[in-house]
1. Given Val32, Val48, which one is out of contact with any Ser or Thr (no Cβ under 9 Å at 6 or more places or on another chain) and either modelled with pLDDT of 95 or more or in the same structural domain as Glu210 (by TED's automatic domain parsing) (or both)?
2. Mind telling me which of the residues Leu100, Leu64 ends up being in a helix (DSSP H, G or I) and either buried (at least 22 other Cβ atoms within 10 Å of the Cβ) or touching a residue at least 24 places away in the same chain (Cβ under 8 Å) (or both)?
3. Which one is surrounded by the most Cβ atoms within 10 Å (Cβ to Cβ), of the residues in the range 5-19 that are modelled with pLDDT of 95 or more and assigned to a loop (DSSP other than H, G, I, E, B)?
4. Given Ala179, Ala241, Ala250, Ala191, which one is surrounded by 17 or more Cβ atoms within 10 Å (Cβ to Cβ), at pLDDT 95 or above and among the small types (Gly, Ala, Ser)?
5. Please give the helices (runs of 4 or more DSSP H) falling wholly within the range 144-260 in which 1 or more residues are closer than 27 Å to Asp9 by Cβ and touching a helix residue (DSSP H, G or I) at 6+ places or on another chain (Cβ under 9 Å).
Amino acid sequence: MPQVILAPDTLDDANRRFEQTPLRQPVFLNSVPKSGSHLLRNIVRMFVPVEQQYDAQFIQWANLQEHRQAFDPARNMLSWGHLFFGDASVIELSATRKILLVRDPHDWVLARARFFLSDAFRGNVDHLRSGKLTVDALLNLMIVGIHQKAPALLDVYLNNAAAWVGTDTHIVKYEDVVANLKQLDTPQGEAFFTGLLGACGIAMPDDWRERVRIGSDKEQSGTAREKLGVEVELPDELPDAQKRLVEVVAPGIRALLGYA
């Protein structure tokens, strides 16, 4: 099984410095992999008692049945993961508030490539770090997938994002999170985080800005771009040829999620 190597954070200790109000309903932070999952999780963690944070595992389809207790309405836990849309996930999360974090597929391709090339990931794609692939070829593999090793962009976005659209799921764009972190002292920033926390069933406390700043600190995220140690230089923007390939592989996905 692939492994993600992360350094521990200190957010539990930071959390306990604030007065916390218990959750009254389970909350699940779902996300497309490589869409800022740890950023969203760390921010919301600052508003939930540590005792109500289900940190046993990143919940996914493969381990869903082992962690059903995370969604127990008698416990009201905050949990997180990458969960497909399917009969079992819909049923298990029926009493849970659901937040879904998505990212522009164009930027996702670059983020996925960066992560696969990093020291933080160990698994069946280690050969990508051999230096024998051009950047363009690597990006194409991120889009079309690697046979029996990594799913195509369409599979990831169809199952982890598109299929949740139109359900009782609150969808959040990674780009909006980042933009509003830069304008916390504005009415727009306050409105965004009020909406996000409200979707989680959390009332906005007076010290919300300090909590958000602590939770969003890149030093608390083991998968922050600055920590990945990628030696290959990737472009800041997906090249035009790869943008066209995304539309061939997953037509309509960007439009459905509000990116086109």
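1. Val32
2. On inspection, the qualifying residue turns out to be Leu64.
3. Out of the qualifying residues, it is Phe18.
4. Only one candidate passes the filter, namely Ala250.
5. 153-160, 174-181, 187-199, 208-215
The values are calculated or read from the model by the stated rules, or taken from the named source; none is laboratory data. Not measured: the values here are computed from a predicted model. Neighbour counts are summed over all protein chains in view; Cβ atoms, including those assigned to glycine, are modelled from backbone coordinates with ideal geometry.
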